[in-house]
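The values are calculated or read from the model by the stated rules, or taken from the named source; none is laboratory data. Remember, it's a predicted structure, so these values are computed and weren't measured experimentally. Positions of Cβ are backbone-derived with ideal geometry, glycine not excepted, and every protein chain shown enters the neighbour counts. All accessible areas refer to the heavy atoms of the entire protein, side chains included, with ligands and DNA or RNA removed. Shrake-Rupley method; radii C 1.70, N 1.55, O 1.52, S 1.80 Å.
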Amino acid sequence: MKKMMRGLCGALAAALCVVSAGCAKSAPPQATASETLSPTAGATSQLQGDAALQNASPLAQVTVDYSELDLAGTWEENTAVGVALRGAEVQITGEGAIWQDGVLSITAEGVYVLSGQLTGRIVVDAPENAKVQLVLNGVSVTASDGPAIYIRQADKVFLTLAQGTQNSLTDAATYAQTLIDEGVNAAVMSKEDLTVNGTGSLSVTGNYRHGISSNDDLIVVDAAVAVLSQGDGIKGKDLAAFKNAVLTLDAQGDGIQSSNAEDAEKGNVVVDGGSIFITAQLDGIQANTVLQINDGELNISTGGGSANASTKSGWGNWGDWGADNAQEEDTASAKGLKAGGMLIVNGGTLSLLSGDDGIHADSCAAIQGGSITISQSYEGIEGNTIDISGGEVHVTSSDDGLNAAGGSDSSSLGGRPGQNAFANDESAWIHISGGYLVVDALGDGIDSNGSLEVSGGVTLVSGPTDSGNGALDYNGSAAITGGVLVAAGSTGMAQNFDSSSTQASWLATLSAQQGGGTALTLLDSKGNAILTCTPAKNYACVVVSCPDMAVGSAYTLSVGSVSGLNADGFAQAPAVSGLTQVASATLSSVVTGEGGGFGGGGSRPGGGKGGFGGR
């Protein structure tokens, strides 16, 4: 069972790849192609596109091969075409650009340096193999009947923000029907690959719908970009990738989205450093396939945050935006991070405040590093499977903290947008093998509709105070083979691990309910403190397990003030004195104490009052 659980994330990921052998064994290849921009004059580029994606490693991680031009953000001044914007007029120095009837048309490959203010529209309509670089050198464009920039055809376009400059692009609130018929719906609209780079800043206002949208790949490198949009902030249908960018997105739809559902290797979002600040009425970041955070600082607030919590009346009515866009967008939800396939966190600092789930993956949610704080959510982390092997994670939720396969929990009541579609699934699992996890949940603390395994790390759960949920909840097997776990909560649905465990665990019912914030210390038979934890809410029972516990030994649980605790009220081997005992037991088996929950649960080798183990 354990080997199956550890390998299943990789198996699920491999299914996302067209060439499964490459997913399982090959390292991501290095980029071998480079890109150049020739002077205008209709020159032809034979170079192939960049940002190639390679799904590799057991977790089928997505690697973005940024090209030299993606990363450079520079240009050759002596070969560039100068374009001076002067309100309703344009002065062009060089070839490849035409100004006519309020439209600046770029018709050839090359570099175009734009400056000034324009009332009109910029359209790139170049040969399909052309690479075009638009340098915004202090530009303000306001369109009257469509997008500010429309990339109709090219091989790839680079939107470069000149160092130290401020630039703004604003579209119209209504578009000409001819543009609507072409599928144009964003202030910066591209039907081709688009890279935004450079060290200047760009402000985009999407009055019609979206801010920046590409029908292919969309890459942002180094640039500072602010978007205010009536729809999604930034959309890259095949890929949305960000490297050391500074993004500030205020969106009535999703903050960032990649939506390709036809190609299993596309529809990905990758964050490679930088700072991203998102306020979105719908999902903060949504990827149809893989959502991968490698590094960076992310601050995301979705669905109005706590003001729109699931338990509130009318929750899930996200400003009627989803209904108006039903034909284009998938089912509306307001999750912090959402993946239609895998969601992988390798690093970074993530702060999520969500009126829906904090993190959601349709297949596997894998956390391998970084720091994650979910300060407000309905369910904290949800996936068909959840694999936590590293990082520091703090979860606060109004329902389950961790939830594998969703199940029949109350999150689906009222048909809220984005409710989980999972049914009870014995193949679902949660595996915690490392890291530091703190859960504060009003529902189940850790809930698996299949199996649960803990083999490492530190897991601290402040579970429910009602009798309808448990600090631990599972339908299949539950084994602890390593690590430290303390799960406190109510007694009504309490569950311990089962006899497949190899590390001793004890479910103890306390002599009296303890108030939230009361430190609880595990001591051995000699009175040495093994660990102390401090549940955030009232608690009447606790599951505790750590490598220092041994079958045949006696232990007590005591309450009282303890110094030297960390910010979560936790410490291992603290110095203690003057504590009050609230439970005791001799561990006669690897599992001592059985709760009253469903599934799991073994015998009651420890005996004890109420069947929850001695006290």
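ASP568 passes all but one of (1) of a type in the set (D, E, K, R); (2) farther than 28 Å from GLU392 by Cβ; (3) in contact with a Phe, Trp or Tyr (Cβ under 9 Å, 6 or more places away or on another chain); which number fails?
Here ASP568 clears every test but (2).
Among the numbered criteria (1) under 23 Å from ALA441 (Cα atoms); (2) outside any strand (DSSP E or B); (3) open to solvent by 30 Å² or more (accessible area, probe 1.4 Å), which single criterion is violated by GLN495?
That leaves (3) as the condition not met.
Just to check your reading of the model, which residue among ILE98, ILE151 is part of a strand (DSSP E or B), at negative phi and open to solvent by less than 50 Å² (accessible area, probe 1.4 Å)? Show your work before the answer.
Numbers: ILE98 fails: open to solvent by less than 50 Å² (accessible area, probe 1.4 Å).
Sole residue among the options that is part of a strand (DSSP E or B), at negative phi and open to solvent by less than 50 Å² (accessible area, probe 1.4 Å): ILE151.
Considering only segment 576-593, state which residues are part of a strand (DSSP E or B), open to solvent by 30 Å² or more (accessible area, probe 1.4 Å) and closer than 23 Å to LYS537 by Cα.
THR580, GLN581, SER584
Can you tell me which of (1) of a type in the set (Gly, Ala, Ser); (2) part of a loop (DSSP other than H, G, I, E, B); (3) at pLDDT 95 or above is the one GLY482 doesn't meet?
(2) is the only condition that GLY482 fails.
Mind counting the residues in segment 545-575 that are farther than 23 Å from ASP440 by Cβ and either part of a strand (DSSP E or B) or open to solvent by less than 20 Å² (accessible area, probe 1.4 Å) (or both)?
The number of residues fulfilling the criteria is 4.
Counting just the residues of segment 198-231 that are under 22 Å from the mean Cα position of the chain (by Cα) and of a type in the set (D, E, K, R), which one comes out least open to solvent (accessible area, probe 1.4 Å)?
So the residue we want is ASP217.
Does segment 139-182 hold any residues that are free of Cβ contacts under 8 Å to residues at least 24 places away in the same chain and of a type outside the set (Val, Ile, Thr), and which are they?
Passing the criteria: GLN177, ASP181.
When you scan segment 454-506, how many residues do you find that are among the charged types (D, E, K, R) and touching a residue at least 60 places away in the same chain (Cβ under 8 Å)?
Count: 2.
Can you name every residue in segment 430-472 that is under 14 Å from GLU382 (Cα atoms) and either open to solvent by 20 Å² or more (accessible area, probe 1.4 Å) or among the hydroxyl-bearing types (Ser, Thr, Tyr) (or both)?
Within segment 430-472, just SER448 meets the criteria.
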